[in-house]
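**Q** I'd like to ask you about the structure that follows.
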Amino acid sequence: MGRREARGATRVLIVDDHPLFRRGLRQVLALAPQYQVVAEASAVYEAIHATEVHQPDIALVDIHLPGVTGIELARLLRRQRPRLAVVMLSALEDPTWLVEAARVGAAAHIAKTAPVDALLATLERVAAGEQPLAQALLANPAVARQVLRELQAVPACAAEPLTMREIEVLDCMAQGLSNKEIADALFITEQTVKNHITTVLRKLQASDRLEAILNAAQRRLVLFQPPAGEPGVSLSA
């Protein structure tokens, strides 16, 4: 048995749309025998499927995924597997995004430019059951007040929530996939895809795909124009 398959290793899912960044993370974690990368995903619908199949202990999730956001994915994964620890990845520490990440139950945030030692130290804390993100946010008085405002805010008219499958379909729609491509990606029929799209349009109060994406962007479910050119993680300790 190789060391990557050691009994008791923490199972890790990497979710990022940049192949080179995923490869870098995999190489870093290959140096730490306590972690085992069990799957990779480049989009939300792939991550949902990978979580069902591989049942990871920790998911490393890029905040700025194409289509449905990493924040929404974190919420879905936590609902799918409450014991799963989600660690958000991003190029910048935007307080607004970090507050939202904390609200959906993300355990930690790691900058993509963080040194390897900092990355591994954060993962060690998360694997031990700690919540570094909440601790860091609440240690900042200004951010702590924002967290309290966010938690106390109650929308006047809550929109009808999308199901897990509808989120997967929305993610595919946001990436420009055709009905056939969505059917192939999700292993369902085209008629089922059409049925889901009809429901998504109704719930988002949209008359077509574009309006659905725009409305989803207003609800911060998707990034209509995801940022490009995020720097990768430093691979030097």
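**Q** Of the residues in region 87-98, how many are touching a helix residue (DSSP H, G or I) at 6+ places or on another chain (Cβ under 6 Å) and surrounded by fewer than 18 Cβ atoms within 10 Å (Cβ to Cβ)?
**A** 1
**Q** OK, next. Suppose the filter is in contact (Cβ under 8 Å) with a residue 60 or more places away in the chain, in the same structural domain as TYR45 (by TED's automatic domain parsing) and in contact with a Leu (Cβ under 6 Å, 6 or more places away or on another chain); does GLU72 pass it?
**A** Taking the combined requirement at face value, the residue satisfies it.
**Q** Would you check which residues across region 54-71 are of a type in the set (A, V, I, L, M) and assigned to a loop (DSSP other than H, G, I, E, B) and list them?
**A** Hits for region 54-71 are ILE63, LEU65.
**Q** Determine whether VAL104 is modelled with pLDDT under 90, in the same structural domain as ARG26 (by TED's automatic domain parsing) and within 21 Å of PRO56 (Cα to Cα).
**A** Yes; evaluated as a whole, the condition is true for this residue.
**Q** Can we say GLN80 is surrounded by fewer than 19 Cβ atoms within 10 Å (Cβ to Cβ) and at pLDDT below 95?
**A** Yes.
**Q** Counting only residues that are touching a helix residue (DSSP H, G or I) at 6+ places or on another chain (Cβ under 8 Å), surrounded by 18 or more Cβ atoms within 10 Å (Cβ to Cβ) and modelled with pLDDT of 85 or more, give me the helices (runs of 4 or more DSSP H) lying completely in region 113-212 with at least 1 of them.
**A** 116-127, 132-138, 164-174, 179-186, 190-203
**Q** Assess whether ALA74 counts as being surrounded by 17 or more Cβ atoms within 10 Å (Cβ to Cβ) and in a helix (DSSP H, G or I).
**A** Yes, satisfied.
**Q** Go over the candidates VAL99, VAL86 one by one and state the one that is in a strand (DSSP E or B), closer than 24 Å to ALA217 by Cα and of a type outside the set (S, T, N, Q).
**A** Only one candidate passes the filter, namely VAL86.
This table checks each residue for (1) among the charged types (D, E, K, R); (2) touching a strand residue (DSSP E or B) at 6+ places or on another chain (Cβ under 6 Å).
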site	(1), (2)
LEU20	no, no
GLN27	no, no
HIS54	no, yes
ASP57	yes, yes
LEU60	no, yes
PRO66	no, no
PRO82	no, no
GLU100	yes, no
ALA107	no, yes
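The values are calculated or read from the model by the stated rules, or taken from the named source; none is laboratory data. Everything numeric in this text was worked out from a predicted model, so none of it was measured. In this analysis, Cβ positions are derived from the backbone assuming ideal geometry, glycine residues included, and neighbour counts consider all displayed protein chains.
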